[in-house]
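Quick notes on the structure that follows.
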Amino acid sequence: MQQPTRTDHSYQVTSYPRMAAELSGAVGDIDQWTKGQDLHKKLVEQSHDIAEKLESAGIEAYNHDQDLVLVGLHSRQHKVVENFRNINFIPAVARKNRNRQSKELTYYLQENPNTRMWTISTGKRCGSVDLRKRVKKLHRQISKINSMSFMKHAGATFVYRATEFGEVAPDGDDLSFHPHSHALLRLDRFLPKAEWSQLLAKIQAYFGVYSQDNGRIRNPRELVKYCVKPSDLEHLDADQVALLFRSTQGLRLCESLQAFRKLRGHIRQEKLKVIQRKGIMKLVPSWNQAQTVEESIF
């Protein structure tokens with residue numbers, strides 16, 4: 001890792017008193033915190049179980065060069081940072097990867113309320129041989145639909161998609177999957193009932209398989225989920241988890257498109273981050289990025 005060459009603390013110095021004043025007196029829910037800690041512990045246990053199965057099958061699931069520890073300056077407590085490789089179906093990795101994305105998606109939905117969730121299937125369940133082909137085809141379809149004339153005429157664009165594998169279950173020597181995507185459809189204007197029905201029919205005809213409008217999104221985390229439920233993987237042995245790894249390796253399961261991609265690019269370029277204050281998502285300068293001129297390279 002290349003170390004930053006210079007540090008500028010001006011943002012932190014000027015912002016800390018204001019942030020401390022805003023958050024002073026805020027009381028956390030101890031019951032919610034305890035529940036969250038229990039869930040975190042369970043997630044880490046599941047992650048190690050999956051990682052150990054991969055390792056026993058000859059697949060590296062840990063970054064053995066990483067040796068990081070977080071230390072509390074006042075509590076003097078310490079915590080070893082988990083060193084899992086970036087394998088998306090390891091629950092701890094999936095949670096880390098989706099955290100920032102979920103916040104940015106929540107901010108986008110706050111600023112663009114006229115959006116709807118869409119579920120797009122690839123047909124009947126399939127085995128590991130067909131999984132990659134199906135997923136890639138679905139991703140191409142979602143990327144290309146925005147250029148179709150009926151989408152432009154309706155002012156409709158898909159701005160995000162997240163692919164899941166459904167319930168992963170053993171099927172003899174193979175695995176059974178139900179690949180599908182949850183996508184976010186943005187509308188530029190209100191569509192009359194007749195025009196909306198026409199758009200639904202054309203989207204359905206375009207994909208040629210099951211697709212359904214699921215209405216407005218109440219919780220953005222409905223979109224940013226695990227590609228495989230951790231509980232599904234508890235019942236797989238080492239060889240089956242290794243087959244899952246080989247079948248899904250290299251697939252880009254989450255993709256930002258159109259306006260949402262531009263927003264995420266703007267956030268990176270301007271060194272911003274999304275935070276929540278009193279239930280409202282805000283864009284603010286990132287402490288970690290704003291303090292360095294040269295970004296770290298991994």
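Listed by position, the strands (runs of 3 or more DSSP E) contained in segment 224-285 that have at least 2 residues being touching a helix residue (DSSP H, G or I) at 6+ places or on another chain (Cβ under 6 Å) are 280-285. When restricted to residues that are part of a strand (DSSP E or B), open to solvent by 20 Å² or more (accessible area, probe 1.4 Å) and touching a His at 6+ places or on another chain (Cβ under 7 Å), segment 145-181 contains 1.
For segment 133-176, a residue qualifies if it is over 18 Å from residue 123 (Cα atoms), within 18 Å of the chain's Cα centre (by Cα) and either modelled with pLDDT under 95 or among the aromatic types (Phe, Trp, Tyr) (or both), and the qualifying residues are 143, 158, 160. So, in segment 59-91, exactly how many residues are of a type in the set (Gly, Ala, Ser) and within 21 Å of residue 230 (Cα to Cα)? The qualifying residues number 1. Taken over segment 97-144, the criterion of being among the β-branched types (Val, Ile, Thr), surrounded by 16 or more Cβ atoms within 10 Å (Cβ to Cβ) and touching a His at 6+ places or on another chain (Cβ under 8 Å) is satisfied by 120, 122. Out of the residues in segment 74-96 meeting the condition of being over 15 Å from residue 41 (Cα atoms) and of a type in the set (Lys, Arg), tell me which one is surrounded by the fewest Cβ atoms within 10 Å (Cβ to Cβ). Out of the qualifying residues, it is 76.
Condition check ((1) within 25 Å of the chain's Cα centre (by Cα); (2) at pLDDT 80 or above; (3) open to solvent by less than 70 Å² (accessible area, probe 1.4 Å)) across all residues:
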{"residue": "9", "(1), (2), (3)": "no, no, no"}
{"residue": "16", "(1), (2), (3)": "no, no, no"}
{"residue": "23", "(1), (2), (3)": "no, no, no"}
{"residue": "33", "(1), (2), (3)": "yes, no, no"}
{"residue": "50", "(1), (2), (3)": "yes, yes, yes"}
{"residue": "56", "(1), (2), (3)": "no, yes, no"}
{"residue": "61", "(1), (2), (3)": "yes, yes, yes"}
{"residue": "65", "(1), (2), (3)": "no, yes, no"}
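Suppose we filter segment 74-95 for residues that are among the basic types (Lys, Arg) and in contact with a strand residue (DSSP E or B) (Cβ under 6 Å, 6 or more places away or on another chain); how many remain?
Initial filter on segment 74-95 (among the basic types (Lys, Arg)): 76, 79, 85, 95.
Next, only the ones that are in contact with a strand residue (DSSP E or B) (Cβ under 6 Å, 6 or more places away or on another chain) stay: 79.
Residues flagged as among the basic types (Lys, Arg) and in contact with a strand residue (DSSP E or B) (Cβ under 6 Å, 6 or more places away or on another chain) within segment 74-95 amount to 1.
The values are calculated or read from the model by the stated rules, or taken from the named source; none is laboratory data. Quick caveat, the model's predicted, so the values are computed rather than measured. Positions of Cβ are backbone-derived with ideal geometry, glycine not excepted, and every protein chain shown enters the neighbour counts. Remember, those area values only see protein heavy atoms, side chains included, never the ligands or the DNA or RNA. Shrake-Rupley method; radii C 1.70, N 1.55, O 1.52, S 1.80 Å.
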